[in-house]
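Working notes for the structure below.
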Amino acid sequence: MEMNLYGYKCKKCGQLHYPYRMVCKKCKRNAHNEFDLVPLPKNGKLLTFTHLYTLPADFEVAKLTLGIVELENGIRVTGQVSIQNPHMGMQVKGKIEAVRQEGYDTNYGIVFYEV
Amino acid sequence: MAVDLEKILRPVEHPMPPFEPKYMTLAGGEDMIIRQAKREEIPELLAYVEPLLHVERDYYDVVTARLYSELLAYYRYRVQDEYVLVAQIDGELAAIVNGRRMNADVGMSYHTLALRRGLRVGAHAFATKMEYHIDTMRQKEVLVVAESPIGFRRWMIEYKLEKRFEIPHELGGVPSWALTKELFDRARGSLIVGRRPVPDHLLKKAEAAIIPPSDPPTPPEDTLAATRAKYDSTGTALMLQRRKLTGKEE
Amino acid sequence: MREVYAIGVGITSFTRLEYPLSEIAAYSGMMAMKEAGFPNIAHLYVANMGGCALNHQAGLASAVVDSMSLTPAGATTIENGPASGASAILQGFLGIASGMYETAMVIGAERMREVDNLESTEFVASLTHPLAEYIYGVTLPSLAGMFTRLYMEKYGVTSRHLAMVAVKNHANAMDNFFAHLHEPITVAGILDSPEAMTNNPYVADPLRFYDCCPVSDGSACVILASAEVAKKMNKPLIRLAGVGQATDTHAVQEREEPTDLLAVRRAAAQAMQMAGIKPGDVHVAELHDAFTILEIVESEEVGFFKKGEGHLALERGETSLTGKIPINTSGGLKAKGHPVGATGVGQAHEIVLQLRGEAGKRQVKNARVGFTCNFGGFGNNVVCLTFIREE
Ligand SMILES: CC(C)(COP(=O)(O)OP(=O)(O)OC[C@H]1O[C@@H](n2cnc3c(N)ncnc32)[C@H](O)[C@@H]1OP(=O)(O)O)[C@@H](O)C(=O)NCCC(=O)NCCS
Ligand SMILES: [Zn+2]
């Protein structure tokens, strides 16, 4: 089964949100949870990134590259970037993978690769 | 008596190549020179190191006591194949590192003492000592221990030292760690930096005189603060405040 | 609403302090009490972020109120991320302004060095969005790094500008006894020398070691009072003339214009409007420079400079001690230190000293209007304060 990140589309006004929120940020008055679940596209444009050298304890690597990507539908997501020499504005494609192991919990999230 | 007892007591020295001085720029913009201390300079160093025996924070007391004895032993020929490097900023003593040659392949790192804080002075001096072993003496590895948490962070963690726990270190017989040539090469250019040759005027200034440190670590205001520390302690600032409160200061 | 005055301030060094959190908190409280002549305290507000997570101390205000023998005064602990300090001052302000209390004590306190660096970074990272940021390894420095890259691209800010902020604030801290770092640094030493990469390595590129504030312990205190109480004191009258608070999206990625810090803009406008001043009227400001880039951006968002021109003003020296609008005379978070919960109160402490004319070597001449910006999360909760000296 293909894994996805999901966006939340307001049933009243159609506004798409990511991450999840209780109340639509546009019409502000849908009774809560009135959202449709929509899989987000995985490809987009790398807006910005950083190579992080002081990592939280769960990561056993020397450096982690993180970035914010604007997906094809305009939604922005933060994710890990697995690209040697990234540059701003480049096209990237995402994959859902295990991104962080916290004890016995595996967290899945989006990792971006070069197209 | 015809036998010269001193000849028996004095260890046989193996020839060691001289250390070629180097220098680097610190965050504050000053240049720091690291060079080999001459034996006749040791008494001077002893005088500057001695006050730190009473600095009961960040393990300055323990490290200084041991370093003092090693310096003295070097001066009086009681350690085999020891050497001492000094770091100077504008002539002023900034750090002392020492160690010894164990055999052709292995070096033994003794101590690192920073007399100025917050500028990686100690880290640069330690890196230079490793360079002396690996690059100048062409040894395969150097055995290292840490006597303080800061030291552990600086050496074991920053260099990712290998364990050599089967070898007791000469400092207290504790399990050793090793900085191998491979680890050293990996740190080249990042942790191990500096330039050669040292400009003449800088070297002359450094060799002319070792100026005492202007801002050496000082004892805690109140030793109680140190003993209350959960780990090691620098916690004396509140004591200053207490004195302010009670009107003893200002 | 009644007028509110700051009648006493106190601070501990921002550094590593090997004392129980409650004691650290109480020290600055004692200093302030002494200065204010031991007034009756009706309510104690204690700002703190990590008591539970780092120091095994919940309900800090209850511990402090008793330790200071202020019982049965009311006591409330306030956790609002790195903006806890100014948030607590805002609560104290409301208490007095509403007429409910005559005097209120606000303490900000933090003890982060009890744990190692990894743990404290992780602790601060718990401010981020749990699902959209945290799980990826996002920390505050990484958010700041991504933000800096955008800002550099858009407005031409360079590493040199960032280094200039660090150098300026380190220099200011040299004259501040209570500052964490007393190390004069130079642009040559942290940027240009061949050893600069070792002395000043990347933390979250393009941000480097000297672009980030240290992890500090410490506390600061401000005692607030009504006009009636304040006028009996023989100290210059410092009025807390304006307060403002605004929020923004939790996840940074959701902001419409990622280089804007709207919460700063709004909180600042509120705090200035309430005080009846304009940005140009401010004589001295403490901005939240947890990362050097933030000082530049906040100086624009609060209105001192046009958007995108903060770094040019910095180049011209307008934010230095003798410039048009001196920023972070205390050394800022960068060099004075950043005990998260205490920071906002520490900023107010500096401004009160400046307005009283008690800032010693770092005194800004004739400062009568002071401003602080305390920045929570990565700009998702911001509190600004305006202080005015009354003649
Ligand atoms: C270990 C040592 C050589 C490292 O020197 P260095 O690389 O120049 O580093 P510094 O000592 O300046 O800084 C190390 C830590 O001390 C802190 N520090 C800096 N200035 C300080 C000051 N004035 N007072 C107290 N602590 C200070 C730094 O913030 C840093 O802590 P952090 O890593 O948590 O941020 C030095 O600390 C020292 O001589 N310690 C005593 C002897 C010792 O332990 N030797 C090693 C034995 S193996
Ligand atoms: Zn809607």
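The values are calculated or read from the model by the stated rules, or taken from the named source; none is laboratory data. What you are looking at is a predicted structure, and each value in this text was computed from that prediction instead of being measured. Cβ sites come from the backbone with ideal geometry, for glycine too, and all protein chains shown count toward neighbours. When the accessible area is computed, the model is the full protein with side chains, heavy atoms only, and any ligands, DNA or RNA have been set aside. Shrake-Rupley method; radii C 1.70, N 1.55, O 1.52, S 1.80 Å.
Counting Cβ atoms of other protein chains within 10 Å of each residue's Cβ and taking the mean over peptide C:126-133 gives 4. When the alpha carbon gyration tensor of region C:9-108 is reduced to an equivalent ellipsoid, its three semi-axes come out at 20, 15, 12 angstrom, largest first. With the simple spin-label model, which puts each label point 7 Å out from Cα in the Cβ direction, the C:VAL187 to A:ASN43 separation comes to 4.4 nm. Two tests apply to each whole DSSP H helix in chain C, Cα reach of 18 Å or more along its axis and mean Kyte-Doolittle hydropathy of at least -0.5, and the ones passing both are C:21-36, C:84-97, C:140-155, C:159-174, C:262-275, C:340-356. Over chain C, the ratio between the Cα radius of gyration and 2.2 N^0.38 Å evaluates to 0.91.
When each of the peptides B:5-13, C:181-189, B:184-192 is scored by the mean number of other C-beta atoms lying within 10 Å of its residues, the order from highest to lowest reads C:181-189, B:184-192, B:5-13. Per residue, the solvent-accessible area of chain A (1.4 Å probe, heavy atoms of protein chains only, all protein chains present) comes to 55 Å².
Comparing B:SER109, B:SER176, B:SER214 in a Gaussian network model of chain B where C-alpha atoms under 10 Å apart are linked, the largest mean-square fluctuation is found at B:SER214. For the peptide B:184-197, the mean number of other protein chain Cβ atoms found within 10 angstrom of a residue's Cβ is 2. Put simply, the C-alpha atoms of region C:109-151 give a gyration tensor, and the ellipsoid matching it has half-axes of 21, 13, 8 Å, longest first. As a calculated quantity, the FRET efficiency between C:MET100 and A:GLU34 at R0 = 35 Å, using C-beta atoms, amounts to about 0.30.
Three principal axis extents describe the C-alpha atoms of region A:30-109; from largest down they are 44, 35, 19 Å. The modelled label-to-label distance between B:ASP4 and B:GLU20, using points 7 Å beyond Cα along the C-beta direction, is 3.5 nm.
With K and R counted +1 and D and E -1, the other residues having a Cβ less than 12 Å from that of C:MET233 yield a net charge of +2.
For the cross-link pairs B:LYS129/B:LYS204; A:LYS93/B:LYS160; A:LYS63/A:LYS95, the ones whose C-alpha atoms lie over 27 Å apart are A:LYS93/B:LYS160.
Say R0 is 51 Å: what FRET efficiency, to the nearest 0.05, do A:TYR108 and B:LEU72 get from their beta-carbon distance? Approximately 0.25, to the nearest 0.05.
Here the Karplus relation 6.51 cos²θ - 1.76 cosθ + 1.60, evaluated at θ = phi - 60°, turns the backbone of region B:101-116 into coupling constants of 8, 7, 8, 4, 9, 10, x, 10, 8, 9, 10, 10, 10, 9, 9, 10 Hz, with x for every Gly and Pro. What nm value, rounded to one decimal, do you get for the distance between B:ALA208 and C:ASP66 when each label is placed 7 Å out toward the C-beta? Result: 6.4 nm between the two label points. The C-A contact accounts for roughly 2700 square angstrom of buried accessible surface, both chains included, probe 1.4 angstrom. Counts of other chain beta carbons within 10 angstrom of each beta carbon in peptide C:140-151 average 5. What a 1.4 Å probe finds exposed on chain C is 53% carbon and sulfur by accessible area, rounded to a whole percent.
Report the extension gain between C:GLU256 and C:LYS34 in nm, rounded to one decimal, defined as 0.36 nm multiplied by the number of residues separating them, less their alpha carbon distance. Please report the intermediate quantities before stating the final value.
Details: separation 222, 0.36 × 222 = 79.92 nm, distance 4.82 nm.
Contour length minus Cα-Cα distance gives 75.1 nm.
Using a 1.4 Å probe on the protein chains only, how many percent of the accessible area of chain B belongs to carbon and sulfur? Answer for chain B is 54 percent, counting heavy atoms of protein chains only.
Shape annotation for the protein assembly as shown: C-alpha extents along the principal axes are 103, 72, 48 Å, from largest to smallest. Computed from protein heavy atoms with a 1.4 Å probe, the total accessible area buried between C and B is close to 2700 Å². Computed over protein heavy atoms with a 1.4 Å probe, the accessible surface of chain C works out to 31 Å² per residue. Calculated FRET efficiency, B:GLU13 to A:ALA62, Cβ-Cβ distance, R0 = 35 Å: about 0.25 to the nearest 0.05. Residues of region A:69-87 that become at least 50 Å² less accessible with every protein chain present than in their own chain isolated, using 1.4 Å: which are they? Correct list: A:ARG76, A:THR78.
Stokes-Einstein diffusion of region C:1-44 at 20 °C, 1.002 mPa s viscosity, Kirkwood radius from Cα pairs, rounded to a whole number: 180 µm²/s. Taking each of C:LYS154/C:LYS334; C:LYS34/C:LYS231; C:LYS232/C:LYS365; B:LYS22/B:LYS181; B:LYS140/B:LYS205 in turn, the alpha-carbon distance tops 28 angstrom for B:LYS140/B:LYS205.
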